[in-house]
């Protein structure tokens with residue numbers, strides 16, 4: 001009767017066979033500590049457990065195992081002679097590859113956690129392991145190095161990384177929200193360095209002054225305003241605009257400005273203003289343009305405002321009234337951030 005029972009559970013035989021195989025491992029392999037401390041112990045425990053429950057129906061044991069733990073493709077080893085043959089040919093040199101091939105027969109591996117529970121997968125050796133945890137209470141997935149979190153990703157596609165530094169071999173590309181310690185970071189969504197011909201402005205004029213390529217410039221932009229609409233902005237609650245405004249030649253207290261359409265019904269409002277006079281100092285430098293030296297050639301623009309619309313219209317201009325070959329301005333390095 002005992003012999004007939006053993007014939008009915010192919011699984012039991014193969015676990016004992018795997019135990020013998022793994023016991024012949026190469027002791028010099030550092031990577032085998034994972035197999036030694038985990039897989040072999042599990043298999044040995046299963047073998048002892050089998051001897052303790054010989055009186056139990058082997059058929060019931062096999063049915064429960066199929067239903068609760070492993071797919072039909074893995075458990076039905078009796079119908080897979082190629083896997084039996086694979087196991088029998090394992091030796092200490094190709095042991096890990098063979099076990100990997102056996103595991104690859106499964107179509108998927110699933111782990112789940114209920115609303116208030118936590119499901120874990122531990123990989124590694126004693127006191128040196130990675131913990132992959134699915135936490136139902138917080139609806140997130142966490143990778144721990146020992147007990148310290150390394151990465152957290154939530155059901156809302158938010159991600160937090162806990163590391164002293166990041167060292168990617170290639171670039172980091174993302175489209176969602178980037179947070180550092182739960183604080184959303186600015187994301188660059190538009191940039192124009194005017195290394196190519198400008199597109200989309202009310203005046204698409206490119207020039208160079210003092211080695212800087214800019215929109216407008218000497219004899220190009222004077223009185224008035226040049227505008228452009230940037231659309232298809234991702235969801236956000238704040239917007240930040242950076243740029244550089246260039247005063248060229250004989251300004252006499254006039255103002256350069258930047259406006260955005262954040263007023264009522266999309267009305268253009270002043271967001272930045274700067275006055276300049278070329279005659280206030282005696283030590284200016286003639287960077288480019290006419291004979292007048294520039295005492296304030298490059299002025300940075302950097303401001304942020306509440307904003308939720310999917311597009312924004314910005315305009316650069318001046319209050320000058322003379323010919324643009326006497327008083328002109330240019331704009332370089334435009335960047336738009338959101339968060």
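Values in this text are rule-based calculations from the coordinates and carry no lab data. Source: prediction; values computed, not measured. Virtual Cβ from ideal backbone geometry, glycine too; neighbours counted across all protein chains shown.
A few comments on the model shown:
- Subtracting the Cα-Cα distance of residue 161 and residue 111 from their residue separation scaled by 0.36 nm leaves 15.7 nm.
- Between residue 138 and residue 321, the modelled label-to-label distance comes to 6.5 nm, taking each label 7 Å out from Cα in the direction of the beta carbon.
- Descending principal axes extents, the stretch 189-338, alpha-carbon based, whole Å: 48, 30, 23
- Per-residue extension of 0.36 nm, minus the Cα-Cα distance of residue 238 and residue 270, leaves a gain of 9.8 nm for this segment.
- FRET efficiency, residue 125 to residue 189 (Cβ-Cβ, R0 45 Å, nearest 0.05): 0.50
- Where labels lie 7 Å past Cα in the beta-carbon direction, separation of residue 180 and residue 299 in nm: 3.0 nm
- For the pair residue 286 and residue 229, the difference between a 0.36 nm per residue extended length and the Cα-Cα distance amounts to 17.2 nm.
- Distance between modelled label sites at residue 308 and residue 255, nm, 7 Å Cα→Cβ extension: 3.0 nm
- When both the stretch 268-312 and the stretch 252-266 are represented by their alpha-carbon centers, they are found 12 Å apart.
- Ranked by the mean number of other Cβ atoms within 10 Å of their residues, highest first, the peptides 127-138, 263-274, 285-296 fall in the order 285-296, 127-138, 263-274.
- For the stretch 125-213, the fraction of alpha-carbon pairs lying more than 18 Å apart is 65 percent, rounded to a whole number.
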